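Take a look at the structure below.
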Amino acid sequence: MTVSLWGGRFAGGPSDALAALSKSTHFDWRLAHYDLAGSRAHARVLHKAGLLSDDDLETMLRGLRALAEDVTSGAFAPAEDDEDVHTALERGLIQRIGPEVGGRLRAGRSRNDQIAAQFRMYLRDQARLIGAKVLDVVQALVDQAAEHAEVAMPGRTHLQHAQPVLLAHHLQAHGWALLRDVERLIDWDRRAAVSPYGSGALAGSSLGLDPESVAHDLGMPCSVENSIDGTASRDFAAEFAFVAAMTAVDISRLAEEIILWATAEFAFVTLDDAYSTGSSIMPQKKNPDVAELARGKAGRLIGDLTGLLATLKGLPLAYNRDLQEDKEPVFDAVDTLEVLLPAVSGMVATLTFHRERMESLAPQGFSLATDVAEWLVREGVAFRDAHDIAGACVRHCEEQGIGLEDLADDDLRRISDHLTPDVRSVLTVRGSLVSRNAHGGTAPARVGEQRSHQLRQVDRA
Ligand code: ARG
């Protein structure tokens, strides 16, 4: 049986070429259960408006339930001739309860408001799944931070040694970025939870249907204020794609560091065998493919976002068929994150950190020079001069091939009157870390507090 939703005014059917171009069941079928939930809600408002008898409502709901079971079991699937998910399911309903009752469901709704509502419903569910998986990555980072609470590492700017920091501080920094992505999803959901059902094709319905009650039926607190906006807007999809891309970019920055840290030159981490791959030719290789794929997939998610924005940019209101192109990029972003995130959390959870290596590099590259300058400031020296004096220490040490901690009393005096042997109190990594003890700093006590805040946010989200 072929069901077309729009054949009446046409003398003939669509060309094969148009049908092939137009078809979307190969990607929108994943919305089937949302379409069915929308249909159940729509049947109820038709009944409430007096457009469906008690018996018809019962028949309709029974048919929709049977159809839902068949969709779940795979007994019902889109046929070659079905244009989209909505067409296929209308065919399925009519097959089950006949055209007399089945044909009543379409009153007062359009695929334009259906698709806009179902896309929101689907993304709201995916946002919860993705949020939970992002939190798993944060949890893995926090666990590693707790296990290495006191380990120092070289903090970098411009990828050059800058100042020593705690590894935990660094890992938790990635955690905060990811927690903000989860917050974005939560915040996004508030705007997405507005139902376009009842907007019809664009102008609303004349049949006395109640869009608010459909919204509530579908777990949304309200329906759209404007039926044109309801059917034409896709900023909910673009915003979701942005949050997905931002998440992927944040993961990618973590991944890039893991790739660097796993090199022989850094040797900060060893990847677990379960999260690394070998080479088909070089027997010794152990490659960080999870991290590399994470970095690569970020490019893909950026493409999903920009592709969608490009689709939207020139569209006049209200619905245009271009909007059928809104789904695949966002579905791709969802699918990509859902396979990527568990691999990343597993990789992070199973990393082995090489404490001694990180600790031994922490003071290198004159990373304590700022501590000298700040010690001088506490001694009353203007920072401008203190910076010069600490810089002179570095120059001297570089010439002599020694470290700042090796400066003899005489050297110190020769460089500046302000430098006394007391400066050595800050010339240790531990001293430097402990001294950065204001809120947000890398002092071990602060980083410990920060970790409890982070964990509290993970639990709350
Ligand atoms: N499949 C379409 C979409 O994804 C919905 C159908 C609207 N089609 C139409 N001719 N008005 O946007």
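The values are calculated or read from the model by the stated rules, or taken from the named source; none is laboratory data. The structure displayed is predicted, hence computed values, not measured ones. FYI the Cβ positions are ideal-geometry reconstructions off the backbone, even for glycines, and counts take in every protein chain you see.
Details
- Test set (1) under 17 Å from the mean Cα position of the chain (by Cα); (2) within 16 Å of the ligand (Cβ to nearest atom); (3) among the acidic types (Asp, Glu) - Asp322 fails condition number: (1)
- Lone unmet requirement of (1) more than 21 Å from Arg451 (Cα to Cα); (2) among the polar types (S, T, N, Q); (3) assigned to a strand (DSSP E or B) for Gln163: (1)
- For first residues located in region 228-250 and more than 15 Å from Gly131 (Cα to Cα), partners that are acidic (Asp, Glu) and lie 6+ apart or on another chain with Cβ distances below 9 Å form the pairs Gly230/Asp113; Thr231/Asp113; Arg234/Asp326; Ala237/Asp326; Ala238/Asp326.
- Filtered residues of region 375-396 (kept if within 21 Å of Pro154 (Cβ to Cβ) and surrounded by fewer than 19 Cβ atoms within 10 Å (Cβ to Cβ)): His387, Gly391, Val394, Arg395
- Some residue of region 353-365 being of a type in the set (S, T, N, Q) and in contact with a His (Cβ under 9 Å, 6 or more places away or on another chain): yes
- Gly131 passes every criterion in (1) more than 22 Å from Leu218 (Cα to Cα); (2) under 12 Å from the mean Cα position of the chain (by Cα) apart from (1).
- Residues being hydroxyl-bearing (Ser, Thr, Tyr) and either within 16 Å of the ligand (Cβ to nearest atom) or in the same structural domain as Gln118 (by TED's automatic domain parsing) (or both) - total across region 48-78: 0
- Considering residues of region 166-210 that are β-branched (Val, Ile, Thr) and assigned to a helix (DSSP H, G or I) only, the residue surrounded by the fewest Cβ atoms within 10 Å (Cβ to Cβ): Ile186
- Residue ID - modelled with the lowest pLDDT, chosen from residues in region 11-28 that are away from the ligand (no atom under 13 Å from the Cβ) and part of a loop (DSSP other than H, G, I, E, B): Ala11
- Residues of region 146-179 satisfying the condition of being touching a Lys or Arg at 6+ places or on another chain (Cβ under 7 Å) and more than 14 Å from Phe268 (Cα to Cα): Ala146, Ala162, Gln172
- Only one entry in Leu129, Leu135 is away from the ligand (no atom under 16 Å from the Cβ), within 30 Å of Val165 (Cβ to Cβ) and touching a residue at least 60 places away in the same chain (Cβ under 8 Å), namely Leu135.
- Yes/no for Ala37 being in a helix (DSSP H, G or I), more than 14 Å from Thr87 (Cα to Cα), more than 16 Å from the ligand (Cβ to nearest atom) and touching a residue at least 60 places away in the same chain (Cβ under 8 Å): yes
- Residues (closer than 20 Å to Lys23 by Cα and not in a helix (DSSP H, G or I)) located in region 107-136: Ser110
- Scanning region 216-271 for residues that are in a loop (DSSP other than H, G, I, E, B), more than 24 Å from the chain's Cα centre (by Cα) and surrounded by fewer than 18 Cβ atoms within 10 Å (Cβ to Cβ) yields Pro221, Glu225, Asn226, Thr263, Ala264, Glu265, Phe266, Ala267.
- Among the numbered conditions (1) closer than 21 Å to Glu328 by Cα; (2) out of contact with any Asp or Glu (no Cβ under 7 Å at 6 or more places or on another chain), the only one that Ser22 does not meet is (2).
- Residue, nearest to the chain's Cα centre (by Cα), within region 79-126, restricted to residues that are within 14 Å of the ligand (Cβ to nearest atom) and among the acidic types (Asp, Glu): Asp113
- Leu31 vs. criteria surrounded by 12 or more Cβ atoms within 10 Å (Cβ to Cβ), within 16 Å of the ligand (Cβ to nearest atom) and in a helix (DSSP H, G or I): yes
- Verdict on His158 being more than 30 Å from Ser223 (Cα to Cα) and either in contact (Cβ under 8 Å) with a residue 60 or more places away in the chain or crowded, with 21+ Cβ neighbours inside 10 Å (or both): no
- Test: Leu67 is among the aliphatic types (A, V, I, L, M) and closer than 20 Å to His216 by Cα: no
- Residue within region 336-354 that is part of a helix (DSSP H, G or I), of a type in the set (Ser, Thr, Tyr) and within 26 Å of the chain's Cα centre (by Cα) present: yes
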